[in-house]
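Below is one structure, written out as C-alpha cells; the observations come after it.
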Amino acid sequence: MHSGTCRGLTCATISETNSSYHGGSDLAQSRFLTHTLVLLAAALIPVLTAFDRLHTDTAYGANPTPLASVPITHVDDVVLSQGGFIMKMSTSSVDTPVRRDVSYYTIKPGDTVENVAGRFGLTVDTLRWANNIADVTSVVQGERLVVPPVNGILVKVQPSSQLSGLAVQYHVNLQDIIDFNLIRDPAHLKAGTMLMLPDGVGPALDTGGVGKKTVKSVTWSRLGRQVTNYTISFSASPVYGSGGKFPYGYCTWWVAHKRNIPWSGNAWQWWYAAQQFGYAEGQLPMVGAIMVQGISWASPVGHVSYVESVNGDGSFTVSEMNYGGWGRVDYRTLKSTAGLDLLGFIY
C-alpha cells in the first residue's frame, strides 16, 4: 500500500472532512460579518434618532430639555415652549408697560364722569375719589380732573403719612404700594408727592339723589382774617338704621349710626368722654375718625361729623347730619379747619 493513496470509504471520508472544514470556516466568517453589521446598526440607531430629534426640534424651535421646567419665549402673538407646543399669548402680557404717571383731563361738552372714567379704563369710584366728587352731576365744562394711572386711591403724602397706615386705611397690601410706586425707602416718604394705592378702597360714595353742590366762603376774624372754603353736597336719600342711644335727626345720631359710640352726651362733650373711655385723639383727620367741634354761635351744643376720606390735595371730607337742617345728611369737603372751633379728632 502506498502512503499517498486512499482507498474506498477512507478517501471519501477524508474528502468530506476537508469539505466540512472549509464550509464551517465560511459559515463562521458569515456569522461574524452578520454580527458586525448588527452591532454597527445598533450603534447608528441612537445617532440617527438624535439627528432626527435635532431636525424636528429645530423645526419647532425646541430643545430636548424635560418639560419639568419649560421657559416660555414670546414671538409676536405666539408663544413657543421648549416642549414644541404652540400656545396663544395671554392678552395681559407681563411685557405690557405699566402706566404710573398721573394725567389730567379737562371736561368738554357732553362729558360725564362715567364716560371719562371709561375712556381711561378706570372705575367711576376711582375718578370720584381722586377728585373729591360727591355729586357726579356737579362736574361742569372746563373743570380739570385728575386721572390716576390705575384703579385705586391717589393720595398726597402728608408730613405724618406712613405707608403702613395708608395700607390699613385703604385696604391695600403694603408691598403692592412699594412695588407700584418704586419706593426705595419706605420709611421716609417725601411730603407733597403723589402716591398711588393700587386697588385701594376709599369711603362709600353716595349713589342716590344728591343735591346741587354749593360753594361757601366763611370769614372769621377771631385771630385775624381767616377764610374757610368748603364744598357741600346734600343727600336726598332716606336714612335707615340705628343711632344707638342718640335721638334721630341730630349730628350725634348720624355718627353713632356710622360707628359704635359707648358714651352719651352732647356733641362737644364727646371730646372729653372719649378720653375717659381710652380712645386716642389728635389734630389730624383720618378715615373713620370723629371730628368734634366745640360750642359756637352756630351750635351751642357743639357738632360732630364722620371723616369719610382724606383726599390727595390735603383736604378731607366728612359726612354729617343736622348741619344744613334737621335730619338732613350732607357731605362736606374742607380745605382748612380755620374757624371751625375744632377740638380735634377721635380715632
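Coordinate-derived values only; no laboratory data. It should be emphasised that the depicted structure is a prediction, and the values quoted were computed from it without experimental measurement. Every residue, glycine among them, receives a Cβ derived from its backbone with ideal geometry; neighbour counts consider all protein chains shown.
From the Cα gyration tensor of segment 293-347, with a ≥ b ≥ c the square roots of its eigenvalues, which class applies: rounded if a/c is under 1.5, or else prolate if a/b is larger than b/c, or else oblate? Oblate, because a/c is 1.5 or more while a/b does not exceed b/c. Using the Cβ-Cβ distance between THR106 and GLN276 with R0 set to 56 Å, the FRET efficiency works out to roughly 0.60. Rounded, prolate or oblate for segment 237-347? Axes are the square roots of the Cα gyration tensor eigenvalues, ordered a ≥ b ≥ c, and the cut-off for rounded is a/c under 1.5. Here segment 237-347 falls in the rounded category. For segment 246-281, backbone nitrogen atoms closer than 11 Å to the point 7 Å from VAL168 Cα along Cα-to-C-beta are found at no residue.
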